[in-house]
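Since every read-out is calculated from the coordinates, none of them should be taken as a lab result. Only a predicted model underlies this, so the values are computations on that prediction, with no experimental measurement involved. Cβ: placed from backbone, ideal geometry, glycine included. Neighbour counts: every protein chain shown.
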Amino acid sequence: TSFDQVYASRFAVFTRLREHGVAVITGVDSGMGPTKRHGNAWRTVGELIESGYPVDEALAAATSVAAAACGLARETGRLAEGYAADLLVVDGDLSQDTSRLNPPREVVIRGTPVDRA
């Protein structure tokens with residue numbers, strides 16, 4: 001089995017999960033080794049889109065759906081009054097190109113910009 005075959009089978013699984021109404025949360029096992037560096041979580045949004053998810057559902061899988069699954073839906077996962085001001089600011093329109101998630105222009109956690117230098 002080649003890497004391409006494994007990758008294609010992942011997309012098929014994502015497609016089937018969506019067809020059956022299963023909530024999917026994006027994530028990666030970054031940091032587990034030299035070839036799995038941190039900073040790749042944004043790619044999972046694109047994988048869902050390649051599997052047939054609309055952009056808004058793929059982004060929700062990384063935000064509001066993930067927050068709900070972690071029991072944090074009442075404090076984060078959405079941009080609304082009373083919620084943590086956690087933001088990933090990007091250049092461009094994500095509905096046209098989700099690769100704009102990397103690199104982000106700015107990261108804000110609970111209203112405080114993160115120094116990424």
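Place +1 on the Cβ of every Lys and Arg and -1 on the Cβ of every Asp and Glu in the chain, take the dipole about the Cα centre, and give the residue among Ser64, Thr26, Gly111 whose Cα lies farthest towards its positive end.
Value: Thr26.
Counting Lys and Arg as +1 and Asp and Glu as -1, what is the net charge of the other residues whose Cβ lies under 13 Å from the Cβ of Val22? Can you show the working numbers first?
Numbers: positive: Arg16, Arg18; negative: Glu19, Glu57.
Net charge in that neighbourhood comes out at 0.
Determine the gain in length on full extension of the stretch Asp4-Ala117; use 0.36 nm per residue of separation and subtract their C-alpha separation, reporting nm with one decimal. Don't skip to the end; give the middle numbers.
Numbers: separation 113, 0.36 × 113 = 40.68 nm, distance 3.46 nm.
In short, 37.2 nm is gained.
To the nearest 0.05, how large is the calculated FRET efficiency for Val107 and Ile49 if R₀ is 25 Å and r is the Cβ-Cβ distance?
The computed FRET efficiency comes out at 0.70.
With only alpha-carbon atoms counted, please give the Rg and Dmax of the range 45-111, in Å.
Both quantities, over Cα of the range 45-111: 12.3, 34 Å.
What full-extension length gain, to one decimal in nm, is calculated for Arg100 and Asp29 as 0.36 nm per residue of separation minus the Cα-Cα distance? Walk me through the intermediate numbers first.
On the way: separation 71, 0.36 × 71 = 25.56 nm, distance 2.12 nm.
Between Arg100 and Asp29, full extension yields 23.4 nm more.
State, as an integer percentage, the relative contact order of the chain based on alpha-carbon contacts under 8 Å between residues 6 or more apart. Can you show the working numbers first?
On the way: 131 pairs, mean separation 20.2, N = 117.
17 percent.
Which one, (i) 45, 34, 29; (ii) 50, 38, 23; (iii) 40, 35, 31, gives Cα extents along the principal axes in Å as derived from the coordinates shown?
It is the one labelled (i).
For the range 14-74, evaluate the Debye formula with one uniform point scatterer on each Cα (no solvent term) and list log10 I(q)/I(0) at q = 0.19 Å⁻¹, rounded to two decimals.
Listed by q, the Debye log ratios stand at -0.73.
Hey, how many Å between the Cα centroid of the range 32-109 and the Cα centroid of the range 4-27?
Result: 17 Å between the Cα centres.
Before rounding to the nearest 500, sum -39500 (n - 2.57) across all DSSP H runs of length at least 4 in the chain and divide by the residue total; then give [θ] at 222 nm in deg cm²/dmol.
-9500 deg cm²/dmol
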